[in-house]
1. As an exercise: evaluate A334 against (1) within 26 Å of T147 (Cβ to Cβ); (2) open to solvent by less than 20 Å² (accessible area, probe 1.4 Å) and give the number of the one condition it does not meet.
2. Pick from the range 169-185 the residues that are among the small types (G, A, S) and touching a residue at least 12 places away in the same chain (Cβ under 8 Å): which of them is nearest to G415 (Cα to Cα)?
3. Starting from the range 198-223, take each residue that is more than 23 Å from A37 (Cα to Cα) and modelled with pLDDT of 85 or more and list its partners that are open to solvent by 50 Å² or more (accessible area, probe 1.4 Å) and part of a helix (DSSP H, G or I), counting only C-beta distances under 9 angstrom and pairs at least six apart or across chains.
4. State yes or no: is L347 open to solvent by less than 10 Å² (accessible area, probe 1.4 Å), modelled with pLDDT of 95 or more and in contact with a Gly (Cβ under 8 Å, 6 or more places away or on another chain)?
5. Could you figure out which of (1) touching a residue at least 60 places away in the same chain (Cβ under 8 Å); (2) on the phi < 0 side of the Ramachandran plot isn't true of G420?
6. Of a type in the set (G, A, S) and free of Cβ contacts under 8 Å to residues at least 40 places away in the same chain: does that describe S188?
7. Go through the range 290-319 and count every residue that is at pLDDT below 90 and either among the β-branched types (V, I, T) or open to solvent by 20 Å² or more (accessible area, probe 1.4 Å) (or both).
8. Let me confirm something: among N161, N166, which residue is free of Cβ contacts under 8 Å to residues at least 24 places away in the same chain and farther than 30 Å from R44 by Cβ?
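The values are calculated or read from the model by the stated rules, or taken from the named source; none is laboratory data. Predicted model only: the values in this text are computed from it and were never measured. All Cβ positions, even for glycine, are placed from backbone atoms using ideal geometry, and neighbour counts span all protein chains on display. With ligands, DNA and RNA removed, areas are computed over all heavy atoms of the protein, side chains included. Shrake-Rupley method; radii C 1.70, N 1.55, O 1.52, S 1.80 Å.
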Amino acid sequence: MAPTDLDRSLRRGEALLHEDLITPLHHHDESQNRLLATVDGGTRVVTPRQANDLVAALRPNRRVDDPAVEHAPTGPRLGRRGLFRGSLIGLGGLLAASAAPRYSFAAGTGGDLLVCVFLRGGFDGLAALGLPNDSYYGKLRGTTRVTTGLALSSDYVLNPNFSALNGIWADGQLAVVLGSGHPGVQRSHFEDQDLCERAAKANVRSGWIGRHIASSSSESGTFRGITIGDRVVLSLTTNAYQSIAMSSVDSFTLESAWNDGDRLVADLGAIYGDAGGVLATQAQATLTAVTSLGTVRSQTYVPAHGASYPDTAWGKGLKDIARLAKADLGMEVACIDYGGWDMHQNLGRPGDADGQFSTLARDFSKGLAAFRTDLGSRWNSVTVVTMSEFGRRAEVNGDGGSDHGHGNLMFLMGGSIKGGTVYGSMPTSLSPDNLTDGDVPITTDYRQALSEIVSKRLGNSNLDQVFPGFTPGRALGVA
């Protein structure tokens, strides 16, 4: 089913606001998007019609079928059905001007601001990090191999297209974790993104960041959880708080051809209030957030210290995170996606300025360098973590790209990260005996790095709640 068909099939868009019942799961091939429903204590994939029927049965909204246009003494107003029509997730859809990067906000606990970057598609660690002393690496990677760049150690060099990060490394604020991944990796975007974001067994419905927020934050705060885009990122899901979708700070407002802003807010409050339950709570949280961001939106934002963000979705997303961090709204976590790393063809040589990997690498590194510059002294209380569902195979394929693999790498950076160091391990020689079915082996469970960040930098000692079923091993020492 194509994504437009999936969206169109959700005629009663309020179904997706019941996140404790329905969770959208996303594949890099959007035609394979699915809906996951919680039924009788278990989970199963359902069709849009089944999702609608489930929500209608358990939490009926008796007012959603009112006429699309109501006639009031002051003139026509958009009716309840009209509010849902054309909107994927009801109120959330009205707020989401476009699908862009995603953020989450929560009441502060005194720990660092966590910026979690999900590199969707399967980041190619061997295109980012070269092994110039290994003849096997040269043979496996051919013209895509990395031979020059920032020397991270005597064995590894960083692709020169990440050169904007060199200063962060030199200041001891960037670390690289080698051989990272989830031991249960399946080489499937759909399954491994789900697995990575849950950081727990499949029967655990919530995401690891949502569990962190739920187990560490107070129940007050302007924003408990926000996703940029039209749906909540799985990492943030939890039944303990409601999440809100928005596309950017400036677009986070309500407008309608039928209503002025004040009337629309009043109408939405009444309509969703009638629904009760999770739907009413979600609507009230959204309307409160719209009001809270009014002051921030009313002021033109100029990055500090001469910071210059790339004019891309990635750069704009990071600039919004910096803007909100400076607004002191109690932001504890910011999640932002960066897609496009699934390069099965034409990966490109490091020296090719227009190569696929080179282009994304420069954008990625320039955005983060600008982010650090913009934050100034606030950078000292920020921790940036990158994640990806899996790595790539050691050998490039016949199309000059790389296929789904196992072991990967993570970038960790921030003012308090113990950087300038490579952590974890991977073979310094990619000989066949050192590989796992032709892949870089997973030698570091990614949850080990995350658990150290959560406990040391975010101040949350409830690791058994954040990562159920995982027992941290010997500390890497990154935080």
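1. Of the numbered conditions (1) within 26 Å of T147 (Cβ to Cβ); (2) open to solvent by less than 20 Å² (accessible area, probe 1.4 Å), the odd one out for A334 is (1).
2. Within the range 169-185, the match that is nearest to G415 (Cα to Cα) is G172.
3. Qualifying pairs under 9 Å: S215/Q465.
4. The answer is yes for L347.
5. Status for G420: all satisfied but (2).
6. On the way: of a type in the set (G, A, S): yes; free of Cβ contacts under 8 Å to residues at least 40 places away in the same chain: no.
Answer is no for this residue.
7. Selection size over the range 290-319: 9.
8. Working: N161 fails: free of Cβ contacts under 8 Å to residues at least 24 places away in the same chain.
Matching residue, one of N161, N166: N166.
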